[in-house]
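> This is the structure, below, for whatever I ask next.
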Amino acid sequence: TGGLSIRGLRKNYGNFSAVDGIDLEVESGRFYALLGPSGCGKTTTLRMVAGLEDPDQGEIRIGDVDVSKLRPYQRPVNTVFQSYALFPHMSIYENVAFGLRRKKEDNIDRRVKEMLELVDMGHLAQRKPTQLSGGQQQRVAVVRALVNRPKILLLDEPLGALDLKLRRQMQLELKRIQLEVGITFIHVTHDQEEAMTMADTIAVLNKGKIEQLGAPVDLYENP
Ligand code: ADP
Ligand code: ADP
């Protein structure tokens, strides 16, 4: 399952505590937002879940598995970054297929096309990333991260580079994708409205700690 359990997570840079004792139980198949101001430890937390950064202390379990000894690609987790990080020399189709390079998939072609259809990009499969708008590129980045069937998708300010109108549109689109694929999404943002719009559960971070945790309506009533 895509449940995630974080206990006593800490990360220091020198004598500065970027993540200062985080405990979080993430329920499988739900949309979580990590909300907080720049520098509060959101990205560092995601990077430790993804295995891109080693914790100084604490435990990260996905389902029943302690993932601390697993390399990033061995974890059932993928990440979408603010910079879409698509390969410019590859077509959209090839970019999505690249997500399957470490995975045995019976019918790669069918899987890639299915994912492109999920975001209505099938007709643009042969384009190069630079021939797409920012919103279209981010949709490709999202399905590239979903193509190998992770249990958890981590999204690090994925809409941060888009203008306001497109951001609002993509918030609804990401929400729809999460409901359709049904896996756990953990979405980092500093935008309260974005977290409120998208998440089932919001964890509010400040100075490396979780300050509040709850459904949007709970946080709205007790700000
Ligand atoms: P957020 O994602 O909430 O903006 P980050 O997790 O990126 O915050 O960073 C938390 C704090 O840790 C920031 O003050 C940042 O400058 C610091 N930090 C992050 N990564 C490093 C690093 N590799 N070396 C030193 N300080 C870092
Ligand atoms: P974010 O978009 O989350 O705020 P940043 O721009 O703060 O990300 O950081 C981008 C990268 O730089 C991350 O890998 C982070 O670990 C690293 N980083 C952030 N702050 C520092 C720092 N003070 N010293 C060294 N590396 C840092």
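The values are calculated or read from the model by the stated rules, or taken from the named source; none is laboratory data. Since this is a predicted model, take the numbers as computed values, not measurements. We place every Cβ from the backbone using ideal geometry, glycine too, and count neighbours over all the protein chains shown. We work out accessible area using only protein heavy atoms, side chains counted, and drop any ligands, DNA or RNA first. Shrake-Rupley method; radii C 1.70, N 1.55, O 1.52, S 1.80 Å.
> Filter the helices (runs of 4 or more DSSP H) completely within the range 8-123 down to those with at least 2 residues that are among the β-branched types (Val, Ile, Thr) and away from ligand 1 (no atom under 16 Å from the Cβ). Reasoning before the result, please.
Numbers: elements: 42-50, 92-98, 108-118.
Once the helices (runs of 4 or more DSSP H) in the range 8-123 are filtered for at least 2 residues that are among the β-branched types (Val, Ile, Thr) and away from ligand 1 (no atom under 16 Å from the Cβ), what remains is 92-98, 108-118.
> Okay, next question. Taking Gly14, is it free of Cβ contacts under 8 Å to residues at least 60 places away in the same chain and either more than 13 Å from ligand 2 (Cβ to nearest atom) or out of contact with any helix residue (DSSP H, G or I) (no Cβ under 9 Å at 6 or more places or on another chain) (or both)? Write out each step before concluding.
Details: free of Cβ contacts under 8 Å to residues at least 60 places away in the same chain: yes; either more than 13 Å from ligand 2 (Cβ to nearest atom) or out of contact with any helix residue (DSSP H, G or I) (no Cβ under 9 Å at 6 or more places or on another chain) (or both): yes.
For Gly14, the condition - free of Cβ contacts under 8 Å to residues at least 60 places away in the same chain and either more than 13 Å from ligand 2 (Cβ to nearest atom) or out of contact with any helix residue (DSSP H, G or I) (no Cβ under 9 Å at 6 or more places or on another chain) (or both) - is met.
> OK, next. Can you name the residue in the range 192-223 that is acidic (Asp, Glu) and open to solvent by 30 Å² or more (accessible area, probe 1.4 Å) and, of all such residues, is nearest to Lys151 (Cα to Cα)? Reasoning before the result, please.
First, pick out the residues of the range 192-223 that are acidic (Asp, Glu): 193-194, 200, 211, 218, 221.
So of that shortlist, the ones also open to solvent by 30 Å² or more (accessible area, probe 1.4 Å) come out as 193, 200, 211, 218, 221.
Values: Glu193: 26, Asp200: 17, Glu211: 26, Asp218: 27, Glu221: 32 Å.
For the range 192-223, the residue satisfying everything is Asp200.
> So which residues in the range 17-65 are touching a Phe, Trp or Tyr at 6+ places or on another chain (Cβ under 9 Å), under 14 Å from Lys151 (Cα atoms) and within 16 Å of ligand 2 (Cβ to nearest atom)?
Result: no residue meets the conditions.
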